[in-house]
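Quick note: the coordinates plus some simple rules give every number you see, no bench work behind them. From a predicted model like this one, the values you see are computed outputs, not experimental measurements. Here Cβ is always computed from backbone atoms with ideal geometry, including for glycine, and neighbour counts include all displayed protein chains.
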Amino acid sequence: MPADITANTALCGIVLHPAGHTRSPRMHNAAYAAMGIDAAYFAFDVTPAALGTAMAGIRAMGFEQVAVSLPHKVAVMEHLDEIDERARRIGAVNTVTVRDGRLLGTNTDWIGANRALASKIELAGKRAVVLGAGGAARAVVYGLIEAGATVEVLNRTVERAEDLAKDLGAQGAGPLSNISELPHDILINTTSVGLRSDATPLPAQHLRAGSVVMDIVYDPAETRLLADARSCGALPIGGKWMLVYQAAEQLRIWTGRDAPIEVLEQAFSADDAS
Ligand code: ATR
């Protein structure tokens with residue numbers, strides 16, 4: 001956040017509900033400061049009923065970019081002027097950039113997941129298992145397939161996994177118990193299991209030494225799944241990395257510049273030590 005906000009300060013923010021937990025303002029404002037950008041980023045708690053009015057306000061008040069988070073990633077699509085092909089395939093928009101008064105929607109969640117994984121493992125040709133079949137799973141599966149990995153989708157509700165796999169071109173789908181017969185290089189949890197709890201979506205016996213295990217849950221910073229992965233000799237990747245890299249991509253789209261990953265990561269993690 002600039003010390004001196006003027007009429008020239010660019011307006012950015014995140015639209016979500018509820019808003020209390022979001023770390024995005026801290027991350028983006030820290031990045032603006034590090035990049036020398038005169039901009040300010042706010043969190044807007046917008047109810048589903050007010051989403052259309054809020055997006056009209058974004059346009060009317062000259063915002064430059066807003067992130068869109070739960071529960072609005074699908075509903076926001078009807079309020080935009082353009083949606084790119086990737087966001088259409090994923091079926092969700094998490095980034096709206098305003099150009100010449102037009103609201104342009106895209107999705108950076110899939111890039112966030114890919115970059116977080118690619119920092120530890122080359123994705124092309126690898127066998128990935130994705131747990132879950134909700135909105136987050138769609139972005140992750142899309143990204144893995146884009147990067148040339150083969151993907152199996154496992155979910156508590158098997159029909160949802162089958163629909164997702166067919167829609168995005170994953171290799172297969174099934175119940176979570178199928179993990180016992182699926183050799184894999186990469187495992188990603190996209191379910192909410194483990195969020196602020198000690199639960200895990202898979203018993204530790206199914207984790208494989210030498211594999212990469214990513215959890216999109218970021219609270220706690222080390223979920224039971226990631227602790228189990230570490231214990232069995234797998235390489236854990238915390239959920240914060242997907243958020244950090246997707247934010248970096250939002251900054252790149254808006255400014256055309258590479259964002260400082262370590263600044264975003266430190267701003268994200270500032271609470272975790274306490
Ligand atoms: P999001 O858009 O954040 O991915 P979602 O669409 O509600 O959220 O999806 C949540 C995912 O977590 C789903 O895959 C869900 O499984 P179902 O499709 O069977 O509902 C999964 N999930 C949530 N709670 C779960 C639990 N206790 N055990 C296993 N899977 C769970």
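Please go through the range 116-135 and give me each residue that is touching a residue at least 40 places away in the same chain (Cβ under 8 Å), more than 22 Å from PRO203 (Cβ to Cβ) and of a type in the set (A, V, I, L, M), ordered by number.
ALA116, LEU117, ILE121, LEU123
Select the strands (runs of 3 or more DSSP E) contained entirely in the range 107-193, then report the ones holding at least 3 residues which are within 12 Å of the ligand (Cβ to nearest atom).
none
Run LEU103 past the list (1) closer than 27 Å to PRO175 by Cα; (2) free of Cβ contacts under 8 Å to residues at least 60 places away in the same chain and report the number of the one that doesn't hold.
Going through the list (1) closer than 27 Å to PRO175 by Cα; (2) free of Cβ contacts under 8 Å to residues at least 60 places away in the same chain, LEU103 breaks only (1).
Can you tell me which condition ALA227 does not meet? The list is (1) assigned to a helix (DSSP H, G or I); (2) surrounded by fewer than 22 Cβ atoms within 10 Å (Cβ to Cβ); (3) touching a strand residue (DSSP E or B) at 6+ places or on another chain (Cβ under 6 Å); (4) of a type outside the set (Asp, Glu), and all the others hold.
(3)
Has the range 56-67 got at least one residue that is closer than 17 Å to GLU249 by Cβ, touching a Leu at 6+ places or on another chain (Cβ under 8 Å) and among the polar types (S, T, N, Q)?
No, the range 56-67 contains no residue that is closer than 17 Å to GLU249 by Cβ, touching a Leu at 6+ places or on another chain (Cβ under 8 Å) and among the polar types (S, T, N, Q).
Could you tell me whether ASP198 is under 30 Å from VAL93 (Cβ atoms), touching a Lys or Arg at 6+ places or on another chain (Cβ under 7 Å) and surrounded by fewer than 21 Cβ atoms within 10 Å (Cβ to Cβ)?
When the stated conditions are applied, ASP198 does not pass them.
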